[in-house]
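Here is the structure we will look at, set down as structure tokens.
The values are calculated or read from the model by the stated rules, or taken from the named source; none is laboratory data. Since this is a predicted model, take the numbers as computed values, not measurements. Here the Cβ is made from the backbone with ideal geometry for all residues, glycine too, and neighbour counts use every protein chain on show.
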Amino acid sequence: MTARIIDGKTIAAELRGRVADAAHRLARDRTLVPGLAVVLVGNNPASEVYVGSKTKATVGSGMRSFDHRLPANVSEADLLTLVGRLNRDPVVHGILVQLPLPAHIDSQKVLAAIDPAKDVDGFHPVNLGRLAAGLPALAPCTPLGCVILAKTVRPSLEGLEAVIIGRSNIVGKPLALLLLGENATVTVAHSRTEDLPEVCRRADLVFAAVGRPEFVRKGWIKPGATVIDVGITRVPGAGGKSKLLGDVAFAEASEVAGAITPVPGGVGPMTISCLLANTVRAACMQAGLPTPDFSRLSPDESMRD
Ligand code: NAP
């Protein structure tokens, strides 16, 4: 068997189109233009690129973008004051503080200061708690993207065995909660899990979020399984150039899996689209309007296994 490739770029573009349509309808019918504030502290080059892409995507989807760039030596108190101001600003529906923050700032304190209703990154403990309780919540973008990708292959995840490798607060744990919400049977594996290959082999859905390049091997994958690779690690490549690798040994895993995400071009492109989706959802929730469900895109018939 040769796995079908789950094309994250195309799926992310479709999601972005749906988000832009929803934003357009809100502006036309409700005079509500969703607004996203992005706070960048310092000038980490990777963060600059990421924030630039977010701003472009936000404006391109018909929403307002508010960029706040603060010097690397800004005090924690001044950053908290800005977050407080954005919490109170009615044209700002989503707030994102770009991580990592400089070492003198307590990131957890800053993230906890964001109004949970505007927490479009879904990192606030209130949103994680709401997700755990099965209440409407803003869920973290990368796990949301993983679920949407899996559902393009398997429109219903109900009853499927899902194994997540990794239990971080930003990927593994919220992903487990989202999959439980889809009625999958969920196992969360981590560095202390015994016989990980055997645990993986029973999965219809494998989600790898470890941060170790090509960690998941062919023999770990049940034939026909759907494999979603969250990992991104930059490694030295040919000719002195670097390249990105996922957590799954892509070439060999593709010989067994039914469908698989590539790295790059799989989960990565979904993150910004899910951020925009969360911004529209946050704007609707704050206005007391029904929130659109972006979790299901048109299933790719060619990709059903
Ligand atoms: P993390 O916080 O470092 O968590 C890694 C997880 O992997 C931990 O739960 C750890 O277990 C587990 N792990 C480590 N070694 C293991 C082993 N030998 N066997 C089994 N489990 C093991 O990482 P993260 O933030 O979740 O990110 C994971 C990967 O996803 C990274 O490559 C990151 O770059 C990528 N990522 C991509 C996106 C995106 O595409 N937009 C977003 C976020 C993250 P313990 O808990 O026991 O230590």
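Take the residues of region 103-149 that are in a helix (DSSP H, G or I) and among the small types (Gly, Ala, Ser): which is nearest to the ligand (Cβ to nearest atom)? It comes out as Gly145.
Output yes when any residue across region 156-172 is within 16 Å of the ligand (Cβ to nearest atom), closer than 26 Å to Ala133 by Cβ and assigned to a helix (DSSP H, G or I), and no when none is.
yes
One residue is enough: does region 111-134 have a residue meeting the conditions touching a strand residue (DSSP E or B) at 6+ places or on another chain (Cβ under 6 Å), of a type in the set (D, E, K, R) and either within 25 Å of Ile5 (Cα to Cα) or modelled with pLDDT of 95 or more (or both)? Checked region 111-134: at least one residue is touching a strand residue (DSSP E or B) at 6+ places or on another chain (Cβ under 6 Å), of a type in the set (D, E, K, R) and either within 25 Å of Ile5 (Cα to Cα) or modelled with pLDDT of 95 or more (or both).
Selection over region 91-110 of residues that are farther than 21 Å from Ala139 by Cα and out of contact with any strand residue (DSSP E or B) (no Cβ under 8 Å at 6 or more places or on another chain) gives a count of 3. Considering every residue within region 180-188, establish whether at least one is farther than 21 Å from Leu99 by Cα and within 11 Å of the ligand (Cβ to nearest atom). Yes, region 180-188 contains a residue that is farther than 21 Å from Leu99 by Cα and within 11 Å of the ligand (Cβ to nearest atom).
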